[in-house]
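Colleague: For reference, the structure I am asking about is given below.
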Amino acid sequence: MGYVVPIWSIPALPVAGGADLFPVRRIYCVGRNYAAHVRAMGFDPDREPPFFFSKPADAIVVCADPAAPPAVAYPPATSNFHHEMELVVAIGKGGADIKLEAATDHIFGYAAGLDMTRRDLQFAARDKGRPWDMSKGFDQSAPCGPIAPVARIGHPARGRIELKVNGQTRQKADLGELIWNVPETVAYLSGLVRLEPGDLIYTGTPEGVGPVVRGDLLEGEVEGVGRLSCRIA
Ligand code: MN
């Protein structure tokens, strides 16, 4: 017996420093995880429990080569397409109800990623109490750089996170400003779903989100982790 439609290839990100690939299983994203961004979105950063949304695995756009930034298509049905620069966690070992002290054992590596957002659709959904899927989980909504393995970089708890658009800094913060840090996020999420190898967690964006237009060059960096770049087409 065979499959009745053609099998697709598993989305994957390159592992920095070699020829290996990290297969992407699911993409979870944390909402409102830097205080200044929470205020900018009109909420109080009072350390409520983290909340999550997701993107399909094939929303990944591989941003491996800064010299050849891949195209990210300006999506349909929006006139307010926003960048959200984020630290991405790559899960290497699965588990449910992971204890805080054990959380880093489950991480294979880290990357710089963009949680691209149709802000107009997100606000409309929010105002009507509707799901965020079409504002967050659309085609090419998850550009991501190479995965830097923990074996090479350790677990970055501090470091600059920055995004430039056409050479101008739009977002700049420090990983130390995360409301829920990486171990807390992994532990909390694993109490909601069993994490599996290949899962990615976008950990939330700092302040400074804003719109992009066709032709814009986005260049992001997470200090000690890596870079990504892409162009809106
Ligand atoms: Mn985000």
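The values are calculated or read from the model by the stated rules, or taken from the named source; none is laboratory data. In this text, all values refer to a predicted model and were calculated from it rather than measured experimentally. All Cβ positions, glycine included, derive from the backbone under ideal geometry; neighbour counts span all protein chains shown. Remember, those area values only see protein heavy atoms, side chains included, never the ligands or the DNA or RNA. Shrake-Rupley method; radii C 1.70, N 1.55, O 1.52, S 1.80 Å.
Colleague: From the P(r) of the range 110-222, can you give the percent of Cα pairs sitting at distances over 25 Å?
Modeller: Cα-Cα pairs in the range 110-222 separated by more than 25 Å: 29 percent.
Colleague: Please compute the length gained on full extension between ASP58 and GLU177, using 0.36 nm multiplied by the number of residues separating them and subtracting their Cα-Cα distance.
Modeller: So the extension gain works out to 39.9 nm.
Colleague: Give the accessible area for TYR74 in Å² (nearest 10); use a 1.4 Å probe, count only protein heavy atoms, and leave out ligands, DNA and RNA.
Modeller: It works out to around 40 Å².
Colleague: Let me ask something additional. May I ask you to rank HIS155, HIS83 by accessible area, largest first, using a 1.4 Å probe over the protein chains only?
Modeller: Ranked list, largest accessible area first: HIS155, HIS83.
Colleague: Does a label point 7 Å from the Cα of HIS155, set along Cα-to-beta-carbon, have any residues of the range 191-224 with amide nitrogen under 16 Å, and which are they?
Modeller: Answer for the range 191-224: 191, 201, 203.
Colleague: Determine the order of LEU178, LEU21 by accessible area, beginning with the largest, at a probe radius of 1.4 Å.
Modeller: From most exposed to least exposed: LEU21, LEU178.
Colleague: Less than 20 Å apart at the alpha-carbon level, and either on another chain or at least 8 residues along: which aspartates and glutamates does that give for LYS99?
Modeller: Within reach: GLU48, GLU184, GLU196, ASP199.
Colleague: Only four residue types carry charge here, +1 at the Cβ of Lys and Arg and -1 at the Cβ of Asp and Glu. Report the dipole size of the chain about the Cα centre in Debye, rounded to the nearest 20.
Modeller: Around 340 debye, computed over the chain.
Colleague: By a straight-distance test (C-alpha under 16 Å), which aspartates and glutamates pair with LYS136 as possible cross-link partners, with residues fewer than eight away in the same chain excluded?
Modeller: ASP58, GLU84, GLU86, ASP115, ASP120, ASP127
Colleague: Kindly provide the pair-distance distribution of the range 1-147 built from C-alpha pairs, with 10 Å bins from 0 and whole-percent values in order of increasing distance.
Modeller: So the P(r) values, bin by bin, are 10, 34, 35, 18, 3, 0.
Colleague: Work from the charge dipole of the range 103-233 (Cβ charges, +1 for Lys and Arg, -1 for Asp and Glu, about the Cα centre) and give the residue of PRO131, TYR110, VAL186 farthest towards its positive end.
Modeller: Positive-most Cα among the choices belongs to PRO131.
Colleague: Under a Cβ-Cβ cut-off of 11 Å, what is the net charge of the residues other than ALA73 that fall near it, where Lys and Arg count +1 and Asp and Glu count -1?
Modeller: Within the 11 Å Cβ shell, the charges total +1.
Colleague: While we're looking at this one, here's another question. When the Cα centres of the range 196-224 and the range 72-100 are compared, how far apart do they sit, in Å?
Modeller: 8
Colleague: Which listed residue (PHE51, CYS63, VAL88) has the Cα farthest towards the positive end of the charge dipole for the range 45-116, taking +1 on Lys and Arg C-beta and -1 on Asp and Glu C-beta about the Cα centre?
Modeller: CYS63
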